[in-house]
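Peer 1: Before anything else, here's the structure in question.
The values are calculated or read from the model by the stated rules, or taken from the named source; none is laboratory data. Everything quoted here is computed from the prediction, not taken from an experiment. Counting neighbours? That spans all protein chains shown, and the Cβs are built from the backbone with ideal geometry, glycine included. For the accessible areas, the whole protein counts, side chains as well, though only heavy atoms, and no ligand, DNA or RNA atoms are used. Shrake-Rupley method; radii C 1.70, N 1.55, O 1.52, S 1.80 Å.
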Amino acid sequence: MNKISVIVPIYKIAEQYLHECMTSLLEQTYENLEFILIDDGSPDNCGEICDAYAKKDDRIKVIHQENQGLSNVRNNGIKAASGYWIAFVDPDDWIEKYAFEKAIEIADKEQVDMMVWNTFLNTPGHQSIRKNYDKDLVVKDKAQLEAINLNLLRTISFKNDEIRIPTLESTTCHLYRRDIITENQLLFDSTLKQGEDKLFNYSYHMQIQSFAYLNRPMYHYRLHSVSTTHTFFSENVDTSNRILKKYYEMEPKIQSNEFYRNTYFIRAAYIALFLIGKFYLHPQNNLSDIKNRGAEFKDMVSKEPYAEAVRNMNLSGMRFSMTRIRLMLLKAHMYGILFMDVKMEQKLRSFLKRN
């Protein structure tokens, strides 16, 4: 029965959420666990709450530190871990009581390097299951693993029959082998304020020979107004540029393999599309006059890492979808139409939200 080290980064979390998270962890049916709670200089009562739990359960280890940010918290958690497996749970989320038992059961049976499962999306009064690959899966074939790796690099599907597992991109809903992390010196990039989880997962995926996916939601991801994924991030453009460059430097096949190179090009172009709505036309963006944002976007895509990607990406064979249409418009430099499209989408979502 291999031990799982569960790392929980804690900073300014509502006490109710923290208690719900801890209750779900301590009620796990799988018992060979250690819980590493890292109080990242939280200015509230979270540190004291963690200490109180540690007094009641000797599986809990509490680390108090000055505020260092999420990436450093996770890296410090990895250093403190002693388990064969490592799992990450965010303190405002919670997990099903059988989650680790079911994950370990498959991981041990199949002898895989990584375990992944599905998640619930929770908002006040509502729960849904994240749209994900709809079958259980054990991947040991090298070609299949590479195909999934390309999808992970691209972050969007290229063909209808592609295996796409969105939870591969998050750090939650995972069991990672600690020895693979430590032997390859894999760390979360502390210079990034977003996207560091996907970057870490890709670096881990480059080192594995197998993984299993359980199409069963066992993690509850809480969607709320303070989630970093739903707020405006003023450094979005610069961070996205740096992340793309890090992928280029990390993955040597981008330079030597045409499939990886085109996958990277599509990823870069898709990020450019993403930035229209998440930065240039974000309702909270007051950094510049809205009339100038189209010109700013045009200037951005005329430079690397976007210029070569938009110019040379090959979309032949890509399934027909709105994403493909938008990528074609981007390639044709039809930025005005793209901005109008995003504005209409934002208005529609706002209308549906109100009604």
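Peer 1: Given the stretch 119-242, what whole percent of its Cα pairs are spread farther than 24 Å? Don't skip to the answer; put the middle values down first.
Peer 2: Values: 2714 of 7626 pairs.
The proportion of pairs with Cα distances above 24 Å equals 36 percent.
Peer 1: Summing -39500 (n - 2.57) over the DSSP H runs of n ≥ 4 in the chain and dividing by its residue number, what mean residue ellipticity at 222 nm do you reach, to the nearest 500 deg cm²/dmol? The partial results should precede the final answer.
Peer 2: On the way: 14 runs with 157 residues, N = 355.
-13500 deg cm²/dmol, from helical runs alone.
Peer 1: Additional query: How large are Rg and Dmax for the stretch 5-94 when calculated on the C-alpha trace, in angstrom?
Peer 2: 11.8, 33
Peer 1: Based solely on C-alpha atoms, express the radius of gyration and the Dmax of the stretch 293-355 in angstrom.
Peer 2: Looking at the stretch 293-355, its Cα Rg and Dmax stand at 13.9, 42 Å.
Peer 1: Rounded to the nearest 10 Å², what accessible area does K3 show when all protein chains are kept and the probe is 1.4 Å?
Peer 2: Approximately 70 Å² of K3 is accessible to the 1.4 Å probe.
Peer 1: While we're looking at this one, here's another question. Sort R130, R59 from largest to smallest accessible area, using a 1.4 Å probe on the heavy atoms of the protein chains.
Peer 2: Details: R130 80, R59 55 Å².
Output order, biggest surface exposure first: R130, R59.
Peer 1: Averaged per residue, what accessible area in Å² does the chain show with a 1.4 Å probe, protein chains only? Write down the numbers at each step before the final one.
Peer 2: Numbers: 17730 Å² over 355 residues.
Accessible area per residue: 50 Å².
Peer 1: Calculate, in whole percent, how much of the Cα-Cα pair population of the stretch 93-191 lies beyond 23 Å.
Peer 2: Result for the distance tail: 34 percent.
Peer 1: At a temperature of 25 °C and a viscosity of 0.890 mPa s, determine how fast the stretch 1-154 diffuses translationally according to Stokes-Einstein, using the Kirkwood radius over alpha-carbon pairs as Rh; express D in µm²/s, rounded to the nearest whole number.
Peer 2: 144
Peer 1: Could you tell me the accessible area of D108 in Å² (1.4 Å probe, neighbours in place), rounded to the nearest ten?
Peer 2: 50
Peer 1: What is the helix-to-structure angle for 70-80, meaning the angle in degrees between its Cα long axis and the longest Cα principal axis of the chain, kept from 0 to 90 and rounded to the nearest 10?
Peer 2: 40
Peer 1: Follow-up. Mind ranking 39-45, 139-145, 348-354 by how tightly packed they are, going by the mean number of other C-beta atoms within 10 angstrom, highest first?
Peer 2: Ranked from most to least packed, the peptides come out as 39-45, 139-145, 348-354.
Peer 1: Pull up the DSSP beta bridges for the chain and report the antiparallel fraction as a percent, rounded to 5.
Peer 2: Details: 14 of 39 bridges.
Counting only bridges with both partners in the chain, antiparallel ones make up about 35 percent.
Peer 1: Is the shape of the stretch 169-224 rounded, prolate or oblate, going by the alpha carbon gyration tensor and its root eigenvalues a ≥ b ≥ c, with a/c under 1.5 for rounded and a/b larger than b/c for prolate?
Peer 2: oblate
Peer 1: Now for a different question. On a straight-distance basis, which lysines could pair with K109 in a cross-link, Cα separation under 17 angstrom, same-chain partners fewer than 8 positions away excluded?
Peer 2: Counting by Cα, and skipping residues close in sequence, K109 has these lysines nearby: K3, K140.
Peer 1: Can you count the Lys pairs in the stretch 260-355 with C-alpha separation below 21 Å, eight or more apart or on different chains?
Peer 2: Close lysine pairs under the 21 Å cut-off: 15.
Peer 1: Considering only protein heavy atoms, what is the solvent-accessible area of D179 at a probe of 1.4 Å, reported in Å² to the nearest 10?
Peer 2: Counting only protein heavy atoms, the figure is 50 Å².
Peer 1: Using all alpha carbons of the chain, what is the percent of pairwise distances in each 10 Å bin, ordered from the shortest bin to the longest?
Peer 2: The calculated distribution, bin by bin, is 5, 23, 32, 26, 13, 2, 0.
Peer 1: If you don't mind, there's one more thing I want to ask. Using modelled backbone amide H atoms (1.01 Å from N, in-plane), which distant-in-sequence or interchain residues come within less than 5 Å of F35's amide H?
Peer 2: V6, I60, K61
Peer 1: At q = 0.20 Å⁻¹, what is the base-10 log of I(q)/I(0) for the stretch 79-151 according to the Debye formula with one equal point scatterer per Cα and no solvent? Please give it to two decimals.
Peer 2: -1.15
Peer 1: Report Rg (one decimal) and Dmax (nearest whole number) for the stretch 208-355, counting Cα atoms only, units Å.
Peer 2: When restricted to Cα atoms, the stretch 208-355 yields Rg and Dmax of 17.4, 51 Å.
Peer 1: Heavy atoms only, probe 1.4 angstrom, no DNA, RNA or ligands counted: give me K303, K55 ranked by accessible area, highest first.
Peer 2: K55, K303
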